[in-house]
Amino acid sequence: MINNMVQLVKQLSSKLSPNVYTSMQQQSGAARLSHLRQIQRELKHEDVLDLPLSELSFIIFDLETSGFYPDKGDSILSIGAIKMKGSDILEEEIFYSTVKCEKLPSSDILDLTGLTIEELTDAPLLVDVLADFYKFIGHSTLVAHHAHHEKKFMSHATWQTLRTTFQHRILDTSFLTKIVTPTEKLVTLDECCAHYQIPIQVRHHALEDARITAQLWQKNIHLAKEKGFETLREVYSYLAKGRTAQ
């Protein structure tokens, strides 16, 4: 509702005092921050480490970006995500949005992702996409392949737009891959999919990569439970012992 009101004020800006639109922006920003603060409070009070893997809510997500370094000007181009409850993929619970870019990515990135200049020019602003994404994920645990990349961009974008820190727990798919296929050298998403015979139709599209990653996470949860792992804490403890032994 607030976003709709802001758009209306934009259209009528020539007839209104400049202070009106500024006030609306401030109210919209305050609402976004208030909602995110509430999510962060819930994160602090919820301990997911000892909950059964079958009961955890996961958000499997992927970012398409213009490069690898957000602190050097690279930006988020699109966000795709899908919800899971334990090992169940909730096919209808999805999120996808492109992000408006002030600095358009290179032609190589456009070719790789399939995104167009028109999509990125007409897309919502990053602050609006992030606000909607945080509403979608709530206080769920996040999962991504090569999660360091996603965490780096989410941390930078959250601070730049909302002036608060990124506080969600985010797991890399290797968190489970390391315990269920310890002898396999599976690095890329393509290698993981080939190993688990997960079909790939589209790559480097945020939502489609999120769907594929969800299938990978699903298979690893099943295998982890077969090996006797029931909670995140048990996995953390096992991996910590492995590092100590090395």
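Checked against the criterion of being in a helix (DSSP H, G or I), open to solvent by 60 Å² or more (accessible area, probe 1.4 Å) and of a type in the set (Gly, Ala, Ser), region 134-155 contains not a single residue that satisfies it. When the residues of region 203-246 are filtered to those that are among the hydrophobic types (A, V, I, L, M, F, W, C) and free of Cβ contacts under 8 Å to residues at least 12 places away in the same chain, which remaining residue is surrounded by the most Cβ atoms within 10 Å (Cβ to Cβ)? For region 203-246, the residue satisfying everything is Ala240.
Residue-level check: of (1) open to solvent by 30 Å² or more (accessible area, probe 1.4 Å); (2) within 26 Å of Asp108 (Cβ to Cβ), His195 misses just (2).
Thr165 fulfils the conditions (1) more than 30 Å from Ala30 (Cα to Cα); (2) hydroxyl-bearing (Ser, Thr, Tyr); (3) open to solvent by 50 Å² or more (accessible area, probe 1.4 Å); (4) free of Cβ contacts under 8 Å to residues at least 24 places away in the same chain except for a single criterion, (1).
When Gln167, Gln201 are screened for being in contact with a Leu (Cβ under 6 Å, 6 or more places away or on another chain) and under 29 Å from Ser75 (Cα atoms), only Gln167 passes.
From the list Arg203, Arg169, Arg211, Arg163, which residue is closer than 20 Å to Glu91 by Cα, of a type in the set (Lys, Arg) and in contact with a helix residue (DSSP H, G or I) (Cβ under 8 Å, 6 or more places away or on another chain)? Full working, then the answer.
Details: Arg169 fails: closer than 20 Å to Glu91 by Cα; Arg211 fails: in contact with a helix residue (DSSP H, G or I) (Cβ under 8 Å, 6 or more places away or on another chain); Arg163 fails: closer than 20 Å to Glu91 by Cα.
Sole residue among the options that is closer than 20 Å to Glu91 by Cα, of a type in the set (Lys, Arg) and in contact with a helix residue (DSSP H, G or I) (Cβ under 8 Å, 6 or more places away or on another chain): Arg203.
List every residue pair whose Cβ atoms sit under 9 Å apart, with the two residues 6 or more apart in sequence or on different chains, where the first one lies in region 57-75 and is open to solvent by less than 20 Å² (accessible area, probe 1.4 Å) and the second, anywhere, is in a strand (DSSP E or B) and modelled with pLDDT under 95. Nothing qualifies. Within region 84-114, restricting attention to residues that are over 19 Å from Leu63 (Cβ atoms) and assigned to a loop (DSSP other than H, G, I, E, B), the residue that is most open to solvent (accessible area, probe 1.4 Å) is Ser87.
When Lys185 is tested against (1) free of Cβ contacts under 8 Å to residues at least 24 places away in the same chain; (2) in a loop (DSSP other than H, G, I, E, B); (3) more than 24 Å from His222 (Cβ to Cβ), just one condition goes unmet, and that condition is (3).
The values are calculated or read from the model by the stated rules, or taken from the named source; none is laboratory data. What you are looking at is a predicted structure, and each value in this text was computed from that prediction instead of being measured. Methodologically, a virtual Cβ is constructed for each residue, glycine included, from the backbone with ideal geometry; neighbour enumeration extends over all protein chains shown. Areas reflect the complete protein model, heavy atoms only, side chains present, ligands, DNA and RNA absent. Shrake-Rupley method; radii C 1.70, N 1.55, O 1.52, S 1.80 Å.
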